[in-house]
Amino acid sequence: MTIRVGLNAGFGDPLAGEFAGIATHGFRVVRQDVYAHQSTEDAAACVREFAGVPVTALFLIGGGSISHPNGNRLEPHELAPLVGLVVDTAAASGVTGYAIEIGNEPDIACPGYASHPEDFAEAIRQCLEAARAHQCPGPLITGGIANLNDRGFRYLSRMLAAPSMPPDGVTIGFHRYPEAGRGPLAPHDRFHSRDDEWAAFQRLVQTRPTACTEFGYHTAPADPQTLTDQNVAESVLWDLRFYDARHVGLACVYQLNDGPTDTWIDRYGVRAQDGTWKPVALAIQALA
């Protein structure tokens, strides 16, 4: 298996001593946020801490809702300087092997971009120009659509067709989550199979490289079934093999830690609240 397995962790906070444990469990990449509302120093610190650690970084520019705390969207000309900050800080700190992703789930996270995919294409253009101007050594990934469903495909189609969308030089990001309580074999509505769903995605991206920057399964109570930890481990491995066979370069599991509640948002972790690594992490460790 050649796909690089990543993990969503940090979310804009320093990861400190987490890198060794993450790497030990087979994760080669960590997706870490660089927010516009961080101070310049805090953002730079999130970059610098990847120097000399056993994983590489996927720096997410303007993650979360791609917006300021007041709800206004991060404009393309505000996102692009953050690319320069990441590249320059990485170069000065000896951080290598990283990639940069622009925005997060633009089809749902920010109304200002969800209704204007052509504006998000412009953000990609400006960020690519900044990456090239600052001599970024790694790939630039478009913010992953929230899912491989009709909504995501409509958005991606309009984004890729926008006049400002770069014809090359970027990797197309995507996220993929099942409908509640379903395993990896279940496609989204309208599609007959995961292969059918993937074919629709491939028709849009054509020969562009792709990266899955979020995917996963939760163990919260759900209908039609509640997944066990073992179900989650098997499902994540199924997805990794599926993406690897389709030449996806990177797949990032969501997420490092469980949260405090028994709701779906808090039960995606590969590590329980008591610090125990769950079966999905042990399965990835064995795979690595």
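Where a number appears in this text, it was derived from the coordinates with a stated rule and is not lab data. Please read these numbers as outputs of a predicted model, since none were measured by experiment. FYI the Cβ positions are ideal-geometry reconstructions off the backbone, even for glycines, and counts take in every protein chain you see.
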Return the inverse of the average 1/r over all pairs of distinct C-alpha atoms in the stretch 156-201, which is the Kirkwood hydrodynamic radius, in Å to one decimal.
-> 12.7
In terms of modelled amide H atoms, which long-range or inter-chain residues lie less than 5 Å from the amide H of residue 99?
-> 57, 58, 59
Rounded to the nearest 5, the percent of DSSP beta bridges in the chain running antiparallel is 5
Putting +1 on Lys and Arg Cβ atoms and -1 on Asp and Glu Cβ atoms, find which of 9, 242, 82 reaches farthest to the positive end of the dipole of the chain.
-> 242
Sequence ranges 252-263, 233-244, ranked by mean other-Cβ count within 10 angstrom, highest first | 233-244, 252-263
Go ahead and set up a Gaussian network model of the chain, Cα springs under 10 Å, then flag whichever of 143, 21, 84 fluctuates most.
-> 21
Phi to ³J(HN,Hα) by Karplus 6.51 cos²θ - 1.76 cosθ + 1.60 over the stretch 9-23, Hz, x for Gly, Pro = 7, x, 6, x, 9, x, 9, 6, x, 7, 4, 4, x, 4, 5
Tabulate in residue order the Karplus-calculated ³J(HN,Hα) for the stretch 171-181, using 6.51 cos²θ - 1.76 cosθ + 1.60 with θ = phi - 60°, rounded to whole Hz; enter x for Gly and Pro.
-> 9, 8, x, 8, 10, 8, 10, x, 4, 3, x
Dividing the mean separation of Cα pairs under 8 Å (6+ apart) by the residue count of the stretch 1-40 yields a relative contact order in percent of 55
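Can you give the helix-only mean residue ellipticity at 222 nm for the chain, where every DSSP H stretch with n ≥ 4 adds -39500 (n - 2.57) and the sum goes over all residues, rounded to the nearest 500 deg cm²/dmol?
-11000 deg cm²/dmol
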Under-5 Å amide H pairs with residue 211, H placed in peptide plane, nonlocal only | 172, 173, 174
Here the membrane-span-like helices of the chain, with no claim about any membrane, defined by DSSP H, Cα axial extent at least 18 Å and mean Kyte-Doolittle at least -0.5, are 76-93, 117-133, 229-245
Choice from 13, 33, 274 with maximal GNM fluctuation in the chain (Cα, 10 Å cutoff) | 274
Span from the the stretch 20-44 Cα centroid across to the the stretch 164-184 one, whole angstrom = 21
Non-local amide H neighbours of residue 34 (under 5 Å, H modeled in plane, Pro and chain starts lacking H): which ones?
-> 60, 61, 62, 63
Given the alpha-carbon gyration tensor of the chain, what are the semi-axes of its equivalent ellipsoid in whole angstrom, ordered largest first, with each equal to the square root of 5 times an eigenvalue?
-> 27, 24, 17
Rank the residues 165, 1 as a footprinting-exposure proxy: fewest other Cβ atoms within 10 Å of their Cβ go first.
-> 1, 165
